[in-house]
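> First the structure, which I've put down as structure tokens, then a few questions once you've had a look.
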Amino acid sequence: MSLTFPARFMLAAAMNPCPCGYFNDRSRECHCTPPMIQRYMSKISGPLLDRIDIHIDVPAVNYKEMRSGAEPENSAAIGKRVMAAREIQLQRFASLTREKLFCNAQMSPRHIRVFCELSADCERLLERAMLQQGLTARAHDRILKVARTIADLEASKAIEPKHIAEAIQYRTLDRTFWA
């Protein structure tokens, strides 16, 4: 017997890049061998990783950056931009009659074809990334959803090549360990 329960959740996860945690660190040397790193990375399966929309490498912050007088964007400003993007998404999906979507992450492949139209430049960029990095169809759809969201955060009606490029950059682990 099989049961299905309704569930909507956001998964946030973190992991070290290797057993010692210093692979690609600018200030500390990693002593892990390539087989050790591969064995460590294989603890998360490719199919599971493929279902995560955004994965990025977050390097340690060095002392000078930490102590610099530069003002980062404050949370209130970021929150306003996020709320504006969510409103754009609600308006975009208001025309749907049979299903209720609230955000880009909920788009099916059919919705992606409708709401993520690409220019010829965007198509070429995405195709090149797919071929060079050996990305899956699922990664393709994730990239488009993230690019649509990046465009929404900029209040851009169209997905531009810079949005596609940024979304591709958020597939770090595909490029680093599974390419």
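> Tell me the residue from R142, R113 that is in contact with an Asp or Glu (Cβ under 6 Å, 6 or more places away or on another chain) and assigned to a helix (DSSP H, G or I), please.
Details: R113 fails: in contact with an Asp or Glu (Cβ under 6 Å, 6 or more places away or on another chain).
One residue alone meets the criteria, R142.
> Which of (1) free of Cβ contacts under 8 Å to residues at least 40 places away in the same chain; (2) closer than 24 Å to I164 by Cα; (3) of a type in the set (A, V, I, L, M) does L11 not meet, given it meets every other one?
Every condition holds for L11 apart from (1).
> Among the residues of region 1-46, what is the count of those that are assigned to a helix (DSSP H, G or I) and at pLDDT 85 or above? Give the steps one after another, and end with the answer.
Keep residues of region 1-46 that are assigned to a helix (DSSP H, G or I), which gives 34-41, 46.
Going one step further and asking which of them are at pLDDT 85 or above, we end up with 34-41.
The qualifying residues number 8.
> Continuing with this model, one more query. What do you reckon, is D174 modelled with pLDDT under 95, under 25 Å from M15 (Cβ atoms) and part of a helix (DSSP H, G or I)?
On the way: modelled with pLDDT under 95: yes; under 25 Å from M15 (Cβ atoms): yes; part of a helix (DSSP H, G or I): yes.
Against the criterion (modelled with pLDDT under 95, under 25 Å from M15 (Cβ atoms) and part of a helix (DSSP H, G or I)), D174 qualifies.
> For E73, state whether it is under 28 Å from R142 (Cβ atoms) and either in the same structural domain as H140 (by TED's automatic domain parsing) or surrounded by 11 or more Cβ atoms within 10 Å (Cβ to Cβ) (or both). Quick ask: steps written out before the conclusion?
On the way: under 28 Å from R142 (Cβ atoms): yes; either in the same structural domain as H140 (by TED's automatic domain parsing) or surrounded by 11 or more Cβ atoms within 10 Å (Cβ to Cβ) (or both): no.
The answer is no for E73.
One line per residue, one yes/no per condition, for (1) under 25 Å from S45 (Cα atoms); (2) of a type outside the set (V, I, T); (3) surrounded by fewer than 19 Cβ atoms within 10 Å (Cβ to Cβ):
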position	(1), (2), (3)
Q89	no, yes, no
R98	no, yes, yes
L131	yes, yes, yes
T149	no, no, no
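> Something else now. Could you check how many residues of region 88-133 are among the basic types (K, R) and touching a residue at least 12 places away in the same chain (Cβ under 8 Å)? Walk me through it before giving the result.
Start the filter on region 88-133 by keeping residues that are among the basic types (K, R), which leaves 92, 98, 100, 110, 113, 124, 128.
Applying the additional criterion that residues be touching a residue at least 12 places away in the same chain (Cβ under 8 Å) yields 92.
The qualifying residues number 1.
To keep it simple, each residue is scored yes or no on (1) exposed (fewer than 14 other Cβ atoms within 10 Å of the Cβ); (2) within 30 Å of N104 (Cβ to Cβ); (3) not assigned by TED's automatic domain parsing to the domain that holds T172.
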site: P6; (1), (2), (3): yes, yes, yes
site: C20; (1), (2), (3): no, no, yes
site: D25; (1), (2), (3): no, no, yes
site: H31; (1), (2), (3): yes, no, yes
site: D50; (1), (2), (3): no, yes, yes
site: D53; (1), (2), (3): no, yes, yes
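> Would you check which residues across region 116-139 are in a loop (DSSP other than H, G, I, E, B) and not aliphatic (A, V, I, L, M) and list them? Please lay out each step first, then the result.
First, the residues of region 116-139 that are in a loop (DSSP other than H, G, I, E, B): 116-119, 134-136.
Those that are in a loop (DSSP other than H, G, I, E, B) and not aliphatic (A, V, I, L, M): C116, E117, S119, G134, T136.
> Six or more apart or on different chains, Cβ atoms under 8 Å: show the pairs whose first residue is in region 50-61 and within 13 Å of N16 (Cβ to Cβ) and whose second is acidic (D, E) and in a loop (DSSP other than H, G, I, E, B).
The qualifying pairs are P59/D25; A60/D25.
The values are calculated or read from the model by the stated rules, or taken from the named source; none is laboratory data. Predicted, not measured: the structure shown is a model, and the values here were computed from it. All Cβ positions, even for glycine, are placed from backbone atoms using ideal geometry, and neighbour counts span all protein chains on display.
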